[in-house]
Amino acid sequence: MNRFLPIATAMALLPLISGHAASTASNPKIVSDYTLSVYPDREDAIYKKGDKVEFQVLLLGKNPTDDAEVSWKVSKDGVPPVQQGKTKLKYGKAVIPASLDEPGFLLCEVSFNDGKQNLQTSASAAIDPTEIKPSMPTPDDFDAFWDGKKAELAKIPINARLTPVETPPERPGVETFDVQLDCLGKPVSGFYSRPIGAKPGSCPALLLVDGAGVRSSDKLWAIRPATKGFLGMGINAHGIPNGQPGTYYAALGDGELKGYRTDGRESRDTYYFLGMYLRVKRALDFLMAQPEWDGKVLIINGGSQGGGQALAGAGLEPRVSGIVVMIPGLCDLTGMAAGRIGGWPKPVPKDAAGNPDPVILNNMRYFDCVNFAPRIKAETKFWLGFNDIVTPPTGQYAAYNAITAPKTLITAPEYGHGGEAPNFWPLINNLIYDMAAQQQKKNSTP
């Protein structure tokens, strides 16, 4: 089953704050006298190939804007073909026409110099997004490669080390541990929390995986779901110790882990995300080995880099029953092979002529979530923003479209990359808890 939650419904659920549709200034310390915005002429921002898209520009300010001029650029999600120019406003308004003859996204970027600073904003329009396909086929030996890595992992005992840590008094009824698990390469490192006195086979399990950057796992990640009866586990992305001073993580981020997004990309056996994906698999192994797990409900949640980890984890472990992903990275990493933007972290370098490195391009196919997507058996809730310039929506759609399991897509045309809307996290948490409740109910039905 493939369900689409249109923007009108999504907006009723979540009062959106524009991701990049609101004015952004080059110097935030200077307060502009103007507000610049741009948006497509359809509320859902979805068009057919060849349709005329009209991006509406609006400039509001203290002084008259009839003679104001804005600069604009329209591209295919940030890559050629690119059109650009300048347009004079009439009564503070202008229209920038555009079209695209293939499935993808149009990105319209607008700027205005108010004499103090340069205001910049952007908006996106989707062109037949449900027809976006992966940019390259899945490698013939994709399953063999990952089956081999999982077999190597299975030979390593989990060797779980659980160290009790303090649970905040306002979160009673749960016990929490710093957890370390042996894995291929770096260990799994995070926090694990469970209801005190939980009976065997009584708890659903939730794994939370981290976004980009270098930091400790958040202890509350694990504690919050445990207060609702889950086995909760949150892991940091790098297998590094938790709970250290900020200077510790800053030093790693500026040193050993500064270039982790591209480290080892010259070989599929050394690329950094190999270890990250296997740590997700090992964390799932741990949760499924707990006597309190109900044996049925196993959910992964993550956003951005964590969204990619969730997709990969569900592709690697068929017993995952559900995933809730937001603005996932690591989708369609080889986009440039189809003449479109590559997915975050854009690990494929290009030569002076703009040609992608063929070896690295091929290696990235083994880590691309568009290739894990068809292998996902879990119910999927997928949140994406059209105006995401970090993890491009083209790649996200390529992954979503490839999922054959029951799935629901929630789109927000004005939404950028991040959880800037005030009700975003309550909505995501409700998706997780509702999914678990429905799966438990289904499993208990004779």
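Within region 406-419, how many residues turn out to be open to solvent by less than 10 Å² (accessible area, probe 1.4 Å) and at pLDDT 95 or above? Counting residues in region 406-419 that are open to solvent by less than 10 Å² (accessible area, probe 1.4 Å) and at pLDDT 95 or above gives 1. Checking every residue in region 347-363 against the condition of being over 16 Å from Gly306 (Cβ atoms), modelled with pLDDT of 95 or more, touching a Phe, Trp or Tyr at 6+ places or on another chain (Cβ under 8 Å) and open to solvent by 10 Å² or more (accessible area, probe 1.4 Å) gives at least one match. The one condition from (1) open to solvent by 10 Å² or more (accessible area, probe 1.4 Å); (2) outside any helix (DSSP H, G or I) that Leu431 does not meet is (2). Taken together, the residues in region 251-285 that are open to solvent by less than 30 Å² (accessible area, probe 1.4 Å) and in contact with a Phe, Trp or Tyr (Cβ under 8 Å, 6 or more places away or on another chain) amount to 6.
Test Pro200 against the criterion of being part of a loop (DSSP other than H, G, I, E, B), at pLDDT below 95, surrounded by fewer than 20 Cβ atoms within 10 Å (Cβ to Cβ) and on the phi < 0 side of the Ramachandran plot, and give yes or no. Spelling it out, it is not the case that Pro200 is part of a loop (DSSP other than H, G, I, E, B), at pLDDT below 95, surrounded by fewer than 20 Cβ atoms within 10 Å (Cβ to Cβ) and on the phi < 0 side of the Ramachandran plot. All of Pro318, Pro328 fail the test of being touching a residue at least 24 places away in the same chain (Cβ under 8 Å) and open to solvent by 20 Å² or more (accessible area, probe 1.4 Å), apart from Pro318. The requirement of being among the acidic types (Asp, Glu) and open to solvent by 80 Å² or more (accessible area, probe 1.4 Å) is fulfilled nowhere in region 102-119; no residue meets it. The residues in region 50-98 that are surrounded by 16 or more Cβ atoms within 10 Å (Cβ to Cβ) and closer than 19 Å to Pro392 by Cβ can be counted, and the count is 10.
In region 83-109, the residues that are on the phi > 0 side of the Ramachandran plot form Cβ pairs under 7 Å with partners that are open to solvent by 30 Å² or more (accessible area, probe 1.4 Å) and not aromatic (Phe, Trp, Tyr), at six or more places apart or across chains, as follows: Tyr91/Asp66; Gly92/Leu58; Gly92/Leu60; Gly104/Arg340.
Flag not set for Ile341, criterion: in contact with a helix residue (DSSP H, G or I) (Cβ under 6 Å, 6 or more places away or on another chain) and either open to solvent by less than 10 Å² (accessible area, probe 1.4 Å) or in a strand (DSSP E or B) (or both). So which of Gly211, Gly234 ends up being closer than 24 Å to Ala436 by Cβ and open to solvent by 10 Å² or more (accessible area, probe 1.4 Å)? Every option except Gly211 fails the conditions.
Restricting to region 162-181, and then to whatever is touching a helix residue (DSSP H, G or I) at 6+ places or on another chain (Cβ under 8 Å) and within 29 Å of Lys149 (Cβ to Cβ), can you tell me which residue is surrounded by the fewest Cβ atoms within 10 Å (Cβ to Cβ)? That would be Leu181.
The values are calculated or read from the model by the stated rules, or taken from the named source; none is laboratory data. Note that the coordinates shown come from a computational prediction; the quantities given were computed from them, not determined experimentally. Ideal geometry is used to build each Cβ from the backbone, glycine not excepted, and the neighbour counts take in all protein chains shown. Heads up: the accessible areas ignore ligands, DNA and RNA and are worked out on the full protein's heavy atoms, side chains in. Shrake-Rupley method; radii C 1.70, N 1.55, O 1.52, S 1.80 Å.
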